[in-house]
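The values are calculated or read from the model by the stated rules, or taken from the named source; none is laboratory data. Only a predicted model underlies this, so the values are computations on that prediction, with no experimental measurement involved. When we count neighbours, we look across all protein chains shown, and the Cβ atoms used for this are built from the backbone with ideal geometry, even at glycine. Ligands, DNA and RNA are excluded from the accessible area calculation, which covers all protein heavy atoms including side chains. Shrake-Rupley method; radii C 1.70, N 1.55, O 1.52, S 1.80 Å.
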Amino acid sequence: MKTKIFQCFIIIFLPMVIYSQKYLAGDNELLLMPTAYTMPVNNSYFSDYELFLLNYSYAVSSSTHISIFSLFPVTTSFYESLTFGIKQKIITYGSIQSALYGSYTPKLTGYSIGDVVSIGQPSKSFHVSLAYVKYRTESDADWIYMLGFRIDPSEKTSLLIEYENANSLIGGDFKGLLSFGIRIHSRNMSWEIAGIRPIGSRGSLLLIPLLKVGYYFN
């Protein structure tokens, strides 16, 4: 069951970049989940998760992103992981923003459709997202729930907390994933180190490490 929720995340987490006069690299997302923010037109963002997961996003307008995601080309079949995504901001009302996002993985014949709402300023914000994910058949479909919070103790650091779960796993021994970490960022670079804790795990596993780096092209 834990493998299934990680597969869902691979399909749906497509890094997006925030549109702000004071944007810093990494403001596009928390650890795994997207935010409702979008970057200025013709800007782009590249991110690398754990060295093996690569993503590139480009802003075709100030409210629309297109993305491409892939596993690192370790083998010749890496292209099977290619996932294409889009994100469209639909609401901006004061400190509340909302965006629709979706993705398509041709090899898996899988897709996702979701919405994310971001409340507050990037340096102190709350985020909630719901996404529908489907693989080859309807029996593989699932709903993914995500909650996140960010607060910046200083100009160049952020503390990040997330919770993720899948509808099919609710009620079982697995209670979702709790992630928390720190981000160090500058104008164009972002570094994150975090730990992911499977809630309900009764073994010796404490934290799954997450290391991510991103670069903002403006």
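A few remarks follow.
- Those residues of the stretch 59-97 which are in a strand (DSSP E or B), among the hydroxyl-bearing types (Ser, Thr, Tyr) and under 23 Å from Val133 (Cα atoms), in sequence order: Thr64, Ser67, Ser70, Thr83
- For the stretch 168-183, the set of residues classified as closer than 30 Å to Ser123 by Cα, outside any loop (DSSP other than H, G, I, E, B) and in contact with a Gly (Cβ under 8 Å, 6 or more places away or on another chain) consists of Ser179, Phe180, Gly181, Arg183, listed by residue number.
- Test: Leu205 is at negative phi and open to solvent by 20 Å² or more (accessible area, probe 1.4 Å): yes
- Exactly one residue out of Trp191, Trp143 is open to solvent by 70 Å² or more (accessible area, probe 1.4 Å), assigned to a strand (DSSP E or B), of a type outside the set (Ser, Thr, Tyr) and farther than 30 Å from Leu108 by Cα: that is Trp191.
- Pairs where the first residue, in the stretch 21-50, is more than 15 Å from Lys87 (Cα to Cα) and the second is among the acidic types (Asp, Glu), C-beta under 8 Å, 6+ apart: Gly26/Glu192; Leu30/Glu162; Leu31/Glu162; Leu31/Glu192; Leu32/Glu162; Leu32/Glu164
- Any chance Asp152 is touching a residue at least 24 places away in the same chain (Cβ under 8 Å), touching a helix residue (DSSP H, G or I) at 6+ places or on another chain (Cβ under 6 Å) and open to solvent by less than 80 Å² (accessible area, probe 1.4 Å): no
- Only a single item in (1) within 26 Å of Phe217 (Cα to Cα); (2) surrounded by 15 or more Cβ atoms within 10 Å (Cβ to Cβ) is not met by Leu108, and it is number (1).
- If the condition is being crowded, with 16+ Cβ neighbours inside 10 Å and either touching a Lys or Arg at 6+ places or on another chain (Cβ under 9 Å) or without any contact (Cβ under 8 Å) to a residue 12 or more places away in the chain (or both), then the stretch 54-65 contributes Ser57, Ser63, His65.
- Hits in the stretch 81-93 - residues which are over 23 Å from Phe217 (Cα atoms) and open to solvent by less than 70 Å² (accessible area, probe 1.4 Å): Ser81
- Annotation: Thr75 fulfils all but one of (1) surrounded by 13 or more Cβ atoms within 10 Å (Cβ to Cβ); (2) more than 16 Å from the chain's Cα centre (by Cα); (3) not aliphatic (A, V, I, L, M); the unmet one is (1).
- Only one of the listed residues (Thr83, Thr92, Thr75) is touching a residue at least 12 places away in the same chain (Cβ under 8 Å) and of a type in the set (S, T, N, Q). That residue is Thr83.
- Being in contact (Cβ under 8 Å) with a residue 60 or more places away in the chain, assigned to a strand (DSSP E or B) and within 14 Å of the chain's Cα centre (by Cα) holds for only one residue in Leu210, Leu130, and it is Leu210.
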